[in-house]
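Engineer: Here's a structure for you.
Derivation of every value follows stated rules applied to the coordinates shown; laboratory data play no part. For clarity, every value in this text was computed on a predicted model and none was experimentally measured.
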Amino acid sequence: MADDVKLKRCSVCQATEKLKICSNCSQQWYCGREHQNADWLSHKPLCEKIRQMKLKEQEIVEDMSKCNLGKRNNNHVVKPGSPVVNSKQSSGSDIQQISCSLSENIPTQFTDKWFDEKANIVSQCLRIYGLAVMNKFLGAELGNKILEEAKSLHDRQLMTDGRTVEVRAPDHGTRSTARFRSDIISWVGDSEPEYPGIGTMMRLIDGIMQRIQPKFMEYEIRDRTKAMVACYPGGGSQYVKHVDNPLKDGRLLTCIYYLNKDWDCEKHGGMLKIYPTNNKNVACIEPVMDRIIIFWSDRRNPHEVLPSHQPRYAVTTWYFDAAERKEAQRRKVEELTRSQQLSRNPASSQSVVADDSILTISQSEIDAVSGSSQSNAGSKLSNQSEVRSNAS
């Protein structure tokens, strides 16, 4: 301890004894208040910056504490070899590139400072907890607009059944059943004129993803799905414990934005429960209005939606890791090529979907990879692939 003290010096006179540290920033040392006051004008900018960073870190901790982290029930942990629910609901959804220009159709209140603050929260929480929760994310005006658009899809009966799933276990075959998932869904792109609020939300999240990319250089976040608008219509509708991406289909991050005013899980149910594999806690997320949760899509975060007793709305997008997605596409083409070679009469006009892929790949793409066509299969994959996604 004595050696440490000798390394510390008063910032004014270089004294090494009877030092006291600045209580705001815990960075600068002084031999007394007189020298601290004398140095204040030069020290103030750094001191204030560090103080603000500490306040922001405290906000992150407070936000995460609102997730009602509790002790995990070990009987609920998804273990290797246990059944995994993997959605195969057809989305009709092309993969979209992350928006590069954030200046178009973005409300003026979403400044660079807003993007930077949100990106810092997301990156820190993903590193520490594997998930990030932010309240009052978009504000009442935009949130209400998105809710109106989601209800419009529901009221006009433009949502389709999201029930089709597969259960895979070592000693069971593959079967489809409605009891694992009972939401209804619809897919919306980021530039559809009927749904400007949802489009704005996607572009705002794109901006956050652009800013967290340098903090996660082990991944390349370049593409995402369209927005999946989901409604659990009540009556005990739910989604049992599952993993969004158990089979390395490329999905890296799940982003869920909630749209439920005055929601009380004790009365209405619909709690999202996440079982992070990196700790012994369970994250219990109430799907309240203007809250967003972002978490790793793979086996790090098994999760479930508890039964909902009144309509529950959410909008979900998935962001891809480019390398994993490319590998998933390659596996799909190889598998379908083998299937075609084994069949004497392949259906040239029909898409083929395998058990373990989120992709729908056309016959021409199979031909391209197998050498019977000179077209660029990679670009076609990017334009024609579809996502079979989980809703939470």
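Engineer: Once you've got the Cα coordinates, tell me which of Lys145/Lys248; Lys280/Lys326; Lys44/Lys118; Lys44/Lys215; Lys8/Lys118 are over 31 Å apart.
Structural biologist: Listed pairs above 31 Å: Lys145/Lys248; Lys280/Lys326; Lys8/Lys118.
Engineer: Hey, another quick one. Report ³J(HN,Hα) in whole Hz for each residue of the stretch 325-342, in order, from the Karplus equation J = 6.51 cos²θ - 1.76 cosθ + 1.60 where θ = phi - 60°; Gly and Pro get x.
Structural biologist: Listing the rounded values in order: 5, 4, 5, 5, 5, 4, 4, 4, 5, 4, 5, 6, 5, 4, 4, 5, 5, 7 Hz.
Engineer: Compute and list, largest first, the equivalent-ellipsoid semi-axes of the stretch 202-302 from the alpha carbon gyration tensor, each √(5λ) rounded to a whole angstrom. Mind dumping the intermediate values first?
Structural biologist: Numbers: eigenvalues 127, 59, 35 Å².
Sorted largest first and rounded, they come to 25, 17, 13 Å.
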